[in-house]
Amino acid sequence: MRSMKAGEILLLLADDAGVAVDIPAWCISTSNEFLGLLKEPRMYRVYVRKL
Amino acid sequence: MTEKIRALGLLSGGLDSTLSARILQEQDIDVLGLHFSTGFCVADRHRLIGNTNNPDKPYRNEALRAGADLRVPVELIDIKDEYLPKVLLNPKYGYGQGMNPCIDCRIFMLQKAKEIMEDRGYHFVFTGEVLGQRPMSQRRQPMDNVTSNSGLAGYLLRPLSAKLLPTTIPEERGWVDREKLYGISGRSRKVQMELAEKLGVVDYPQPAGGCCFLPDENYARKLRDFLTFRGTDVTHDDMMMLKVGRHFRLSDDVKVIVGRDESENNYLERFKQGRGQVWIDEFPSPLTLIEGQASAQDLELACSITARYSDGRAHDSVPVKWRIDDNEGQLRVAPVDDEVLEEMRILVGPMFTAAPVPKISRHCNRMWRSMRGGPSAPSR
Ligand code: SF4
């Protein structure tokens, strides 16, 4: 995240269901934008926009 | 323009650390939360094995949740690799009720916090410690010990108990108003709960503590057994394996781990590499992993234990499949007798010390039990 520019979007791949609660919380605490989460059979795709 | 005061603190997301951060925010201080991942977090374990109380509500990271509630950025710092050799296996100040090296653990985390403070120009470090709250690490002398050994003497503020402790540099220099800090001590959380209400902190985990495996007696038994028989050549996978399943020692060199439910079986699947596997096709059964060089007798016993925990436990004999390296086969065995099973269940062993430990006999559990004069362990 540190090396990203404002406006860029991070795609995070995870196999831990906890990302559904942790990433939105992390986005609030660090003032980034949580764009959404896609649940796939064995993986979660999480999108975050750096603000 | 006056310089904004910046503090960083150990934020577990529990009530005390959350309140401490909130108290500093009230004094217009910029706060950063640090959350150190030791590899022994209870919620992480639930998440790893896919446990959830409610499918729509996965276990959350309390530090991140607290950060969101307070609008405080939180950094998660993975210290697992250093933590094992430097803290867990070699604690200068010993263990608490289980295998929790709390004093060394606090010192280690605060040393890391100090490095970040100095590198990034923070003014001081805070923690949510409360004088007298925990028997091992939160009495006055251990707290002083932690302060001096962390290298943070003068720069470590405990906002909840500050008025009972010597004045720190942040207070002396007026970065923090000591009058607005607190003088809380003891194990009761009543004052903190009242304070939480006053400061608008509404969401925090109940009860205090319980977020770390190491004080847990059950985990400590398995860890002591592991260290006794395997020594300190320990990997993270080894530590992870201790968090799941029923553990039975068949001999000095061989141990089996039996999954307790589907999520544990799935979890154990990940650790099949390099370990023997035992399972049953005919009935719902646990996955059992064998650690060590199993003899034919050990293998038969592992099959028999697996049969005992399968839905075929009432049968006279059960066909059990096994695989070790490239070999596989099937044994028809009787489910093991409960009395024999309890002889092998890993119970309280000799206290682990960093010094080499003597090998002990196959019937160590029975020996320890008779030494302790205790009854047989209850079935779990
Ligand atoms: S309970 Fe665990 S994390 Fe907390 S101080 Fe003790 S060893 Fe460290």
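The values are calculated or read from the model by the stated rules, or taken from the named source; none is laboratory data. It should be emphasised that the depicted structure is a prediction, and the values quoted were computed from it without experimental measurement. Note that each Cβ is placed from the backbone with ideal geometry, even for glycine, and that neighbours are counted across all protein chains shown. With ligands, DNA and RNA removed, areas are computed over all heavy atoms of the protein, side chains included. Shrake-Rupley method; radii C 1.70, N 1.55, O 1.52, S 1.80 Å.
Please express the shape of the stretch B:230-300 as an equivalent ellipsoid: the semi-axes are the square roots of 5 times the eigenvalues of the C-alpha gyration tensor, given largest first in whole angstrom.
19, 16, 9
log₁₀ I(q)/I(0) of the stretch B:6-199 at q = 0.10, 0.14 Å⁻¹, via Debye over equal Cα point scatterers, no solvent, to two decimals?
-0.40, -0.81
At q = 0.11, 0.21, 0.22 Å⁻¹, what base-10 log of I(q)/I(0) does the Debye formula yield for the stretch B:152-240 when every alpha carbon is treated as an equal point scatterer in vacuo?
So the normalised log intensities work out to -0.59, -1.00, -1.05.
I need the semi-axes of the equivalent ellipsoid of the stretch B:135-289: take the C-alpha gyration tensor, multiply each eigenvalue by 5, square-root it, list largest first in whole angstrom. Display every interim value, and only then the final one.
Values: eigenvalues 431, 82, 32 Å².
In descending order, the three semi-axes are 46, 20, 13 Å.
Would you rank B:Cys211, A:Cys27, B:Cys102 by solvent-accessible area, highest first, keeping every protein chain in place and using a 1.4 Å probe?
Sorted descending by solvent-accessible area, the residues read B:Cys211, B:Cys102, A:Cys27.
Using a simple spin-label model with points 7 Å from Cα along the Cα→Cβ vector, what separation in nm is obtained for A:Leu12 and B:Arg71?
Here the answer is 2.1 nm between the modelled labels.
List the trypsin sites (Lys or Arg not before Pro) within the stretch B:142-188 that fall in a DSSP loop (any state other than H, G, I, E or B) and whose Cβ has at most 13 other Cβ atoms within 10 Å. Intermediate values should be presented prior to the final figure.
Values: sites: B:Lys163, B:Arg173, B:Arg178, B:Lys180, B:Arg187; in loops: B:Arg173, B:Arg187.
Passing both the DSSP loop test and the Cβ count: B:Arg173, B:Arg187.
Any idea of the accessible area per residue across chain B, 1.4 Å probe, to the nearest Å²?
That works out to 46 Å² for each residue.
Note the angle between two axes, namely the Cα long axis of helix B:102-120 and the longest principal axis of the Cα atoms of chain B, as a number of degrees from 0 to 90, rounded to the nearest 10.
Roughly 50 degrees between the two axes.
Using DSSP, restrict attention to beta bridges with both residues in the stretch B:6-199 and report what percent are antiparallel, rounded to the nearest 5.
On the way: 1 of 17 bridges.
Here the antiparallel bridges make up roughly 5 percent for the stretch B:6-199.
With a Cα-only, solvent-free Debye model of the stretch B:120-184, what are the log10 I(q)/I(0) values at q = 0.16 Å⁻¹?
-0.48
Considering the Cα positions of chain B, please state its Rg to one decimal place and its Dmax as a whole number of Å.
24.2, 84
Against the empirical 2.2 N^0.38 Å scaling, what ratio does the C-alpha Rg of the stretch A:9-49 come to? Walk me through the numbers before you get to the answer.
On the way: Rg = 9.5 Å, N = 41, 2.2 N^0.38 = 9.0 Å.
Against the empirical 2.2 N^0.38 Å value, I get 1.06 for the stretch A:9-49.
Let me check I have the definition right: for the protein assembly as shown, take the eigenvalues of the Cα gyration tensor, multiply each by 5, take square roots. What are those semi-axes in whole Å, largest first? Could you put the intermediate results ahead of the total?
On the way: eigenvalues 400, 143, 64 Å².
Semi-axes from the Cα gyration tensor: 45, 27, 18 Å.
Please give the per residue accessible area of the stretch A:9-49, computed with a probe of 1.4 Å over protein heavy atoms only, in Å².
Result: 57 Å² per residue.
Need one number: the % of Cα-Cα pairs in the stretch B:55-114 sitting beyond the 15 Å mark. Before the final figure, lay out the partial values.
Numbers: 1102 of 1770 pairs.
Everything past 15 Å amounts to 62 percent.
Keeping the other protein chains in place, figure out the carbon and sulfur percent of the accessible area of the protein assembly as shown, with a 1.4 Å probe. Don't skip to the answer; put the middle values down first.
Numbers: 10310 of 20850 Å².
Carbon with sulfur: 49 percent of the solvent-accessible area.
Using the Cβ atoms and a cut-off under 14 Å, what net charge is assigned to the surroundings of B:Ser137, where Lys and Arg are +1 and Asp and Glu are -1? All intermediate terms of the calculation are to be shown ahead of the outcome.
On the way: positive: B:Lys92, B:Arg106, B:Arg134, B:Arg139, B:Arg140, B:Arg158, B:Arg187; negative: B:Asp16, B:Asp104, B:Glu129, B:Asp144.
Summing Lys/Arg as +1 and Asp/Glu as -1 gives +3.
Within 15 Å, Cβ to Cβ, of B:Leu15, how many net charges do the neighbouring residues add up to if Lys/Arg are +1 and Asp/Glu are -1? List each step's numbers first, then the result.
On the way: positive: B:Arg22, B:Arg65, B:Arg134, B:Arg158, B:Arg187, B:Arg189, B:Lys190, B:Lys198; negative: B:Asp16, B:Glu62, B:Asp69, B:Glu129, B:Glu194, B:Glu197, B:Asp203.
Net local charge, B:Leu15 excluded: +1.
Between B:Ser295 and B:Asp144, what is the spin-label point distance in nm, taking each point 7 Å from the Cα along the Cα→C-beta axis?
Placing both labels 7 Å beyond Cα along the Cβ direction yields 5.6 nm.
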